[in-house]
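*Asks:* Attaching a single structure in structure tokens format; questions to follow.
The values are calculated or read from the model by the stated rules, or taken from the named source; none is laboratory data. Remember, it's a predicted structure, so these values are computed and weren't measured experimentally. Here the Cβ positions follow ideal geometry from the backbone for every residue, glycine too, while neighbour counts run over all protein chains shown.
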Amino acid sequence: MPELPEVETTLRGISKKILNKEISSFISREKKLRWIIPPTIGKRVKGQRINNAFRRGKYIIFELDNCSLIIHLGMSGKLRVFNKKMKPKKHEHWDLNFTDNWTLRYTDIRKFGVLDLTLKNPLEHKLLKDLGPEPLGNSFNGIYLFEKSRKKSIAVKQFIMNAKIVVGVGNIYANEALFMAGIKPIKKAGKVTKKEYENLSTKIVKVLKDAIHEGGTTLKDYSNAEEAPGYFKKKLQVYGRGNLECFICRKNLKEIRLGNRSTVYCVSCQN
DNA sequence: CTGGTGACCTGGCTGC
DNA sequence: TGCAGCCAGGTCACCA
């Protein structure tokens, strides 16, 4: 499920159903996701309200009366609001119950997600404090990428996927943005020119905005194996298209592994 | 410091 | 039909 557009879509979907509601209880059916779920969450959140819900990179943060919850969806996490009467199914690991009929329920087949609680400013949390700028915010642009990348020998694709450089660019959109910008993913970040970074930064913004507009890219829903329509089918140019024809030049796209992630590009359109 | 690799976990798909 | 092996939207910990 989640790159930035999917997290944003999730947040928009749940926000109005949970904001300003009083929490009646927190129930976890799993001790640990990626890390231990703090056992004190239940006591801590009971009787409090969710005053604010926002996104930072791929993290979702709920600000309550005197603490904050930090949530990450990992590779396969989902947050949805259910009627409390719906019995939890397999892989539905925790519930945040409200005093009305609703519960916010977290599902995560692979358990790579995160749930943590902090009493301090959530942006100072260990997982959030070193994050780079938001790609859709005003401090992100080509000059920033250019300056950050000088003398870096790492591949430009891995560079833009590094959350300390810029948040929210996952494997799908990194492949797509590099194709749109005509830059080879394996090119060293330090060798990419200022002009290329200006182009790349606008393509990153474009692909993320387009994806948010389409409600994210859902590839597969593991629970029912439905192939999602929309953005994925219509708009992806390279991701998942290894050995298929480039839409621009009709030559076959090349698929390699870069940093253990599948990487697809066009040998003639990207330099 | 930088960059490369393995680890976490479950399930779907491919090929023998 | 069975099963081994590989792959998947993320990212941290550890190593050289």
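*Asks:* If we scan the range A:138-150, do we find a residue that is away from DNA strand B (no atom under 15 Å from the Cβ) and within 15 Å of the chain's Cα centre (by Cα)?
*Replies:* Within the range A:138-150 (the criterion being away from DNA strand B (no atom under 15 Å from the Cβ) and within 15 Å of the chain's Cα centre (by Cα)), the answer is no, since none of the residues qualifies.
*Asks:* Only one residue in A:139, A:153 is surrounded by fewer than 17 Cβ atoms within 10 Å (Cβ to Cβ) and over 30 Å from residue A:62 (Cβ atoms), so which one is that?
*Replies:* A:153
*Asks:* From the list A:43, A:21, A:16, A:31, exactly one residue is at pLDDT below 95 and away from DNA strand C (no atom under 11 Å from the Cβ). Which is it?
*Replies:* After applying the criteria, what remains is A:16.
*Asks:* Can you find, within the range A:71-111, the residue that is nearest to residue A:18 (Cα to Cα) among those that are within 13 Å of DNA strand C (Cβ to nearest atom) and aliphatic (A, V, I, L, M)?
*Replies:* A:71
*Asks:* Of A:220, A:164, which residue is within 10 Å of DNA strand B (Cβ to nearest atom), modelled with pLDDT of 95 or more, on the phi < 0 side of the Ramachandran plot and out of contact with any helix residue (DSSP H, G or I) (no Cβ under 8 Å at 6 or more places or on another chain)?
*Replies:* Answer to the check: A:164.
*Asks:* Go through the range A:14-28 and count every residue that is in contact (Cβ under 8 Å) with a residue 60 or more places away in the chain and either farther than 16 Å from residue A:100 by Cβ or not in a loop (DSSP other than H, G, I, E, B) (or both).
*Replies:* 10
*Asks:* For the range A:29-53, which residues satisfy the criterion of being touching a residue at least 12 places away in the same chain (Cβ under 8 Å), of a type in the set (A, V, I, L, M, F, W, C) and within 16 Å of DNA strand B (Cβ to nearest atom)?
*Replies:* Answer for the range A:29-53, where residues must be touching a residue at least 12 places away in the same chain (Cβ under 8 Å), of a type in the set (A, V, I, L, M, F, W, C) and within 16 Å of DNA strand B (Cβ to nearest atom): A:33, A:35, A:37.
*Asks:* Scan the range A:93-113 for residues that are within 12 Å of DNA strand B (Cβ to nearest atom) and surrounded by fewer than 21 Cβ atoms within 10 Å (Cβ to Cβ) and report the count.
*Replies:* Residues meeting the conditions: 4.
*Asks:* Something else: Taking residue A:166 as meeting all but one of (1) surrounded by fewer than 16 Cβ atoms within 10 Å (Cβ to Cβ); (2) farther than 18 Å from residue A:73 by Cβ, write down the number of the exception.
*Replies:* For residue A:166, the exception is condition (1).
*Asks:* Being more than 24 Å from the chain's Cα centre (by Cα) and not charged (D, E, K, R) is the filter; apply it to the range A:183-205 and report the residue that is surrounded by the fewest Cβ atoms within 10 Å (Cβ to Cβ).
*Replies:* The qualifying residue surrounded by the fewest Cβ atoms within 10 Å (Cβ to Cβ) is A:193.
*Asks:* Here is a further query. What pairs come out if I take residues in the range A:187-203 that are under 11 Å from residue A:160 (Cβ atoms) and part of a helix (DSSP H, G or I) and pair them with residues that are among the β-branched types (Val, Ile, Thr) and within 13 Å of DNA strand B (Cβ to nearest atom) whose C-beta lies under 7 Å away, six or more apart or interchain?
*Replies:* Hits for this filter: A:189/A:154; A:189/A:156.
*Asks:* Something else: Just to be sure before I move on: is residue A:56 touching a helix residue (DSSP H, G or I) at 6+ places or on another chain (Cβ under 8 Å), in contact (Cβ under 8 Å) with a residue 24 or more places away in the chain and within 16 Å of DNA strand C (Cβ to nearest atom) in the structure I sent?
*Replies:* Spelling it out, residue A:56 is indeed touching a helix residue (DSSP H, G or I) at 6+ places or on another chain (Cβ under 8 Å), in contact (Cβ under 8 Å) with a residue 24 or more places away in the chain and within 16 Å of DNA strand C (Cβ to nearest atom).
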